[in-house]
Amino acid sequence: MTLKARAREKVERAGISNYSFDQDILVMCGVRYTVEACDCGEPDCDGVRLTKHLNAINRNFQ
């Protein structure tokens, strides 16, 4: 399963329907997130880490 597919599954499992992908960036409820692989090793980890996309954050502060 691709990282994008795992991210989609994570979002849908959380009950969020207001999301889309802009290439490899997840746009969820108007906020952009970078999708990364997570290798924390926690037993309940789904292997996906979402972090706020910094380019969008930096653009808002200029």
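Quickly run through the range 20-32 and pick out the residues that are closer than 15 Å to R8 by Cβ and in contact (Cβ under 8 Å) with a residue 24 or more places away in the chain. I25, L26 - these are the residues of the range 20-32 that are closer than 15 Å to R8 by Cβ and in contact (Cβ under 8 Å) with a residue 24 or more places away in the chain.
Only residues that are of a type in the set (A, V, I, L, M, F, W, C) and either assigned to a loop (DSSP other than H, G, I, E, B) or surrounded by 11 or more Cβ atoms within 10 Å (Cβ to Cβ) (or both): list them for the range 41-55, please.
First, the residues of the range 41-55 that are of a type in the set (A, V, I, L, M, F, W, C): 45, 48, 50, 54.
C45, V48, L50 - these are the residues of the range 41-55 that are of a type in the set (A, V, I, L, M, F, W, C) and either assigned to a loop (DSSP other than H, G, I, E, B) or surrounded by 11 or more Cβ atoms within 10 Å (Cβ to Cβ) (or both).
Scanning the range 7-31 for residues that are touching a strand residue (DSSP E or B) at 6+ places or on another chain (Cβ under 6 Å) and buried (at least 16 other Cβ atoms within 10 Å of the Cβ) gives A7, K10, V11, Y19, L26, M28.
Every read-out reported here was derived from the displayed coordinates using simple, explicitly stated rules and does not represent laboratory data. These numbers come from a predicted model, not from an experiment. Here Cβ is always computed from backbone atoms with ideal geometry, including for glycine, and neighbour counts include all displayed protein chains.
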